[in-house]
Amino acid sequence: MSELNNDRYLRALLRQDVDTTPVWMMRQAGRYLPEYKATRAQAGDFMSLCRNAELACEVTLQPLRRYPLDAAILFSDILTVPDAMGLGLYFEQGEGPRFERPLRSMADVQALPVPDPEDELGYVMNAVRTIRRELKGQVPLIGFSGSPWTLATYMVEGGSSKAFTKIKQMMYAEPAALHLLLDKLADSVILYLNAQIRAGAQSVMVFDTWGGVLTPRDYLEFSLRYMHKIVDGLIREHDGRRVPVTLFTKNGGQWLEQIAATGCDAVGLDWTTDISDAKRRIGDKVALQGNMDPSLLYAAPARIREEVATILAGFGKGNGHVFNLGHGIHQDVDPEHAGVFVDAVHELSRPYHGG
Ligand code: CP3
């Protein structure tokens, strides 16, 4: 078992004792940091940054140099998997992600390969190995993927979407095609996350950014079912340690019990759920990750600290809380405010632990 200097994050996910509540931020490596923008410019563009192990490692470590974060997250993107399936990912300046060859029909879905993670996605595994080496056991490394449903929305819509018109049309007109797609994606994600774990990821998180746009019935059938399949297929112990799995459905507050029942170790919460309610509902089964509104980082330091204190009091005493934002940090946030947030979690949470 390789040694970790700080394993609070892993311990909290397993609901074990910690001295202070661990904290990290979704999208902690990103455009709010001037040093990130400089490294991305050096790489040329976002995908070149993801494909260059040394530069991906550099941007992964940048937020850890500024703040005493309790975890690092692999610098990559959820859309690497559809790209490896042949859809041709590209980023237009200011437009977000796009695919050259979006899926339109059952025939397109049938022709999709399940990518070999050590081959088409070998650059991600190289980044994981490089980051682990450079972290030198400082904090654990989180690996991640998108949920099958969330990946499918981009693959069918051809990019970001507001109304999800095309994928919902497919859901009603050709449900068998969508189920085949989701099943292939679940198989691909299992291989991809297990390869990340073998390469050195010490915990993995599944981002279901768009599960919350489904009806309550459709969420269970088209999103949660395939995340459950992933949880069942993952390596849960590696290098002498449990590898915790976190599931995060944005806008998923109404399904917390069902998410917790998949056998995951932790459930991510966005800011629309009260953490004390979430703890009462599922806190005896899983750890909770979250859940400050990322917009709070626009507020003055005193207001940020007050919000951190409120969330800590909502969770109360006891183990099983990983502090985070309820979604990714916004790109126009003042980096100093992120520091206020991280320090407030460590300082204000001490009374809730020990004794
Ligand atoms: O958290 C981290 O620091 C690790 C890196 C990470 C990125 N994307 C880097 C990134 C992670 C975990 C993701 C996940 C991701 N990517 C999700 C799920 C989480 C979420 O935010 O809901 C989704 C839906 C995507 C797809 C994606 N990638 C979009 C919609 C965009 C454009 C967003 C924008 O604001 O322009 C990306 C690009 C992307 N991925 C960036 C970063 C830092 C910005 C690209 C840039 O530098 O120009």
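Values quoted throughout were computed directly from the atomic coordinates according to the rules given, and no laboratory measurement underlies them. Here the structure is a predicted model, which means the values were calculated and not measured. Quick reminder, even Gly has a Cβ in these numbers, built from the backbone with ideal geometry, and neighbours come from all protein chains shown.
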request  = Identify all aspartates and glutamates with a Cα-Cα distance to Lys162 below 16 Å; exclude those on the same chain that are fewer than 8 residues away in sequence.
outcome  = Glu95, Asp208
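Within a 10 angstrom radius of the beta carbon, how do His321, His238 rank from fewest other beta carbons to most? Walk me through the numbers before you get to the answer.
Values: His321 31, His238 15.
Ordered from fewest to most neighbouring Cβ atoms within 10 Å, His321, His238 come out as His238, His321.
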request  = Specify the residue with the greatest mean-square fluctuation among Ala56, Ala195, Ala300, computed from a Gaussian network of the chain linking alpha-carbon atoms under 10 Å apart.
outcome  = Ala300
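Taking the Cα centre of the chain as the origin, how large is its charge dipole in debye, to the nearest 20, when only Lys and Arg (+1) and Asp and Glu (-1) carry charge on their Cβ atoms?
Numbers: 37 positive and 44 negative charges, 84 e Å.
For this selection, approximately 400 debye.
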remark   = the chain: antiparallel bridges as % of DSSP beta bridges, rounded to 5, reads 25
remark   = Per the charge dipole of the chain (beta-carbon charges, Lys/Arg positive, Asp/Glu negative, Cα centre), the residue among Met85, Ala56, Thr21 reaching farthest to the positive end is Thr21
note = Whole-Hz Karplus couplings 3J(HN,Hα) for segment 222-235, θ = phi - 60° and coefficients 6.51, -1.76, 1.60, Gly and Pro as x, run 9, 10, 4, 3, 7, 5, 4, 4, 5, 4, 5, x, 7, 5
query = Along the positive direction of the dipole of the chain (beta-carbon charges: Lys, Arg +1; Asp, Glu -1; about the Cα centre), which of Ala71, Ser2, Ile311 reaches farthest?
reply = Ile311
key: Lys, Arg +1 and Asp, Glu -1 on Cβ, resulting dipole of segment 1-62 about Cα centre, debye, nearest 20   = 320
request  = Two decimals is fine: what is log10 I(q)/I(0) at q = 0.09, 0.11, 0.13, 0.14 Å⁻¹ for the chain, from a Debye sum with one equal scatterer on every Cα and no solvent?
outcome  = -0.46, -0.70, -1.01, -1.19
note = For the table Lys229/Lys250; Lys279/Lys317; Lys184/Lys229; Lys166/Lys229; Lys285/Lys317; Lys136/Lys229, the rows whose alpha-carbon distance is greater than 21 Å are Lys166/Lys229; Lys136/Lys229
inquiry  = As I understand it, the dipole of the chain uses +1 on the Cβ of Lys and Arg and -1 on the Cβ of Asp and Glu, about the Cα centre. Which of Gly328, Ser349, Thr130 lies farthest toward its positive end?
reply    = Ser349
